[in-house]
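The values are calculated or read from the model by the stated rules, or taken from the named source; none is laboratory data. Here the structure is a predicted model, which is why all the values come from computation and not from measurement. So basically every Cβ, Gly included, is an ideal-geometry build from the backbone, and we count neighbours across all protein chains shown. Ligands, DNA and RNA are stripped out before the accessible areas are found, and what is left, the full protein with its side chains, is counted by its heavy atoms. Shrake-Rupley method; radii C 1.70, N 1.55, O 1.52, S 1.80 Å.
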Amino acid sequence: MEEFINAEAYREEIEDLFPKFVFYRRGYHAPSVGLYGDTVDGERDSKITDCYCTACHERYEDGIRKPKEYKHMELGYCANCGHPVELRQMNKGRRSYYFTRNIALFEGAGDIMRIRCIKAYQRFSEDTSEMEPEIGWYTVTQYELTPGQAIQYKAVWNRKKQQYDWIKKKTGCTEPNFNVGGFGYADRNYTIINQGAVDHSFLRYLFKGEHFDYIYITWLCCYAQHPQLEYLLHGGFEYLARNYVESRVPEYGKFVTVRYNWRSNDLKKMLHLDRLEIKHLAKDQGRYYDSYIKFRRDFFKGRNTAETLKYFEDFHSSTSYIREVEDMTGIPRKKIMDYALRKQNRQGTYFFLTLYKDYIDQCIELERDMTSEVVTMPKDMFAAHERTTDMLRTIRSEKAAVQLAESDAHRRDLEVTDMELGLILRLPYDTNEIVEEGEKLSHCVGGYADRHAAGKLSIMFLRTMSHPDTPYYTMEVSNDLQIAQCRGYRNNNANNPKPEEIIEFERRYKEYLDEVKKNRKKEAKKAERKKKKQQRQAARRAA
């Protein structure tokens, strides 16, 4: 097919979309026609400005405004027609005045609507005798909409005919992309010409006089294919309508997970809902429709609609916690939900279930009897959760103490005393001391306590010999024996730069760590030789 909308008929509207200019020359009379038809410039006159306006298409002399009032690329008004324009020097790089506009032309009435999307351009010649701009365009894509059908056409190069043929897209209609160069982004902004044609076509019922100013063509294509979109839009489910249409545009990244029954003109049958469900979900424009359908289908369906809606309202955001508790305890999910409704506090069921799931995890770690409801469903879950938390804290601190003792046995060689500088560097006695260190010095070392206990790094306390129990500086030493950081109060950001004694200590300690590294390598080699010797002796005895 050919281009079925004559864009030339809309040339005036297209030209109006481009900026208007007044080209000027300061201090010159407008050129006149000589005796033999030749153009003769007038003499230079500093009080005259020669102008040409692309809005009124007139060349005139401005003798009222002073020439110095004309400034290149400033906004102003044409002295001849009063139209808002941009002032440009008449002979200054006019080839660079290139502008483009994305335009969608609409034509149609009754049961047909046609749309032609064009990219129009405006450009000027460098020849100052050619004042009028060239306005041109080329077609990006075309659409033809009829009741129940939306067709998009694309241009395909025909090698035999050496021209473009317009063929139907096999995939669904998409929003026009005016970025024909395809540099990794989409240009979908456009200006509509003759939008009133929609109000005289079968598409007029979609918006009822109100037009959305985004992905407008996609809205019309979806409505042409599925007139029931009108019921969603005006039946209280605008969110669903928008989500369905936006799913057709890749940039929005949305997708519809629940399919609608487009064959039905009844909103209840279309959405697979009854009257009570529609009334309830329409309060939020259908925002929770997908969640409700999944909840009713995959999680819980009550004895009646009212019960399903009640449990959905309370638990649709916490289904994952309920499933986990159900898997860990074997308690039916309805019983878990009823338990949460009875025992919740003012913070609601979601908060209750997050703590409840944590409580069940703790009970399993403590090896409680998970078949007893006294354990799995205590009368006061909040108090029970506090008890299990305290018990685990004690157990974990004991394990951490054992772990810390094992780690410290291998890093005692990191401790030093510098008598000259009067400084002591020692390991913490326990993890609680690391937390207290962070609180007193107002830095984040408390978060390193677990990693220190596990031997993933070493936290060292730097003290003065005169005040060995007062936090002064904290040092982190990596497992490859490098000083990762050495910080004082508030990470030395409280107008307290490192004193020279600390800088000197760091320099000396780096040298000391190099010696520790060498000694550890020697000890490791010695231990390896001893191990191999023992293995050989064991092999001889076995033989």
Span-like helix ranges in the chain, DSSP H, alpha carbon extent 18 angstrom or more, Kyte mean at least 0.0: 348-365
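Would you mind working out the accessible area per residue for the chain, using a 1.4 Å probe, and quoting it in Å²? Don't skip to the end; give the middle numbers.
Numbers: 31460 Å² over 543 residues.
Counting only protein heavy atoms, the per-residue value for the chain is 58 Å².
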Heavy atoms of residue 101: accessible area, 1.4 Å probe, square angstrom to 10: 80 Å²
Values of log10 I(q)/I(0), in the order q = 0.10 Å⁻¹, for the chain under a Debye, Cα-only, solvent-free model: -0.96
Gain in span if fully extended, residue 522 to residue 350, counting 0.36 nm per residue against the direct Cα distance: 56.1 nm
Evaluated over segment 354-421, the Cα radius of gyration and Dmax, each in Å: 19.7, 66
More than 19 angstrom apart: percent of Cα pairs within segment 383-495: 49 percent
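I'd like the antiparallel share, as a percent to the nearest 5, of DSSP beta bridges with both residues in the chain.
Numbers: 65 of 73 bridges.
Rounded to the nearest five, the antiparallel share is 90 percent.
Grab the beta carbon distance between residue 180 and residue 506, set R0 = 45 Å, and tell me the FRET efficiency rounded to 0.05. Numbers along the way, then the final one.
On the way: r = 62 Å, r/R0 = 1.37.
Computed FRET efficiency for residue 180 and residue 506: 0.15.
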Along principal axes, Cα extents of segment 71-192, largest first, whole Å: 55, 38, 28
Approximate spin-label separation residue 16-residue 100, in nm, with each point projected 7 Å along Cα-to-Cβ: 2.5 nm
With all protein chains modelled, accessible area of residue 365 [1.4 Å, Å²]: 90 Å²
Two-decimal log10 I(q)/I(0) for segment 274-321, as the Debye equation yields it once each C-alpha is a single scatterer, q = 0.19 Å⁻¹: -0.54
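How high is the FRET efficiency from residue 380 to residue 154, r the C-beta distance, R0 60 Å, rounded to 0.05? Show your work: numbers first, answer last.
Numbers: r = 68 Å, r/R0 = 1.13.
The calculated FRET efficiency here is 0.30.
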Cα-based convex hull, segment 503-543, per residue volume (Å³, whole number): 31 Å³
Virtual paramagnetic centre 7 Å along Cα→Cβ of residue 138, amide N under 19 Å, in segment 153-175: 153-167
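Once a ≥ b ≥ c are taken as the square roots of the eigenvalues of the Cα gyration tensor of segment 147-191, is the result rounded (a/c under 1.5), prolate (a/b larger than b/c) or oblate (a/b not larger than b/c)? Before the final figure, lay out each step's value.
Values: a/c = 2.38, a/b = 1.12, b/c = 2.12.
In terms of gyration-tensor shape, oblate.
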Anchor residue 533: lysines whose Cα lies under 26 Å away (excluding residues fewer than 8 positions away in-chain): 517, 518, 521, 522, 525
Label-point separation, residue 4 to residue 269 (7 Å along Cα→Cβ), nm: 3.2 nm
Residue 239 accessible area, assembled protein chains, probe 1.4 Å, Å²: 70 Å²
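Sort 305, 474 by heavy-atom solvent-accessible area, probe 1.4 angstrom, most to least.
Values: 305 35, 474 10 Å².
The residues order as 305, 474, largest area first.
For segment 93-172, state which chymotrypsin sites (Phe, Trp or Tyr not before Pro) are in a DSSP loop and have at most 12 other beta carbons lying within 10 Å of their beta carbon.
Of the chymotrypsin sites (Phe, Trp or Tyr not before Pro), the ones in loops of segment 93-172 whose Cβ has at most 12 other Cβ atoms within 10 Å are 98.
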Solvent exposure, largest accessible area first (probe 1.4 Å, DNA, RNA and ligands not counted), of 351, 315: 351, 315
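Report in % the part of the accessible area of the chain that belongs to carbon and sulfur, leaving out ligands and nucleic acids; probe 1.4 Å. Intermediate results must be reported in sequence, preceding the final value.
On the way: 15010 of 31460 Å².
It is 48 percent, rounded to a whole number.
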Spin-label pair residue 121/residue 91, simplified geometry with 7 Å Cα→Cβ offset, distance in nm: 2.7 nm
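Can you give the FRET efficiency for residue 146 and residue 68, using 1/(1 + (r/R0)^6), R0 = 45 Å, r = Cβ-Cβ distance, to the nearest 0.05?
On the way: r = 61 Å, r/R0 = 1.36.
E between residue 146 and residue 68, to the nearest 0.05, is 0.15.
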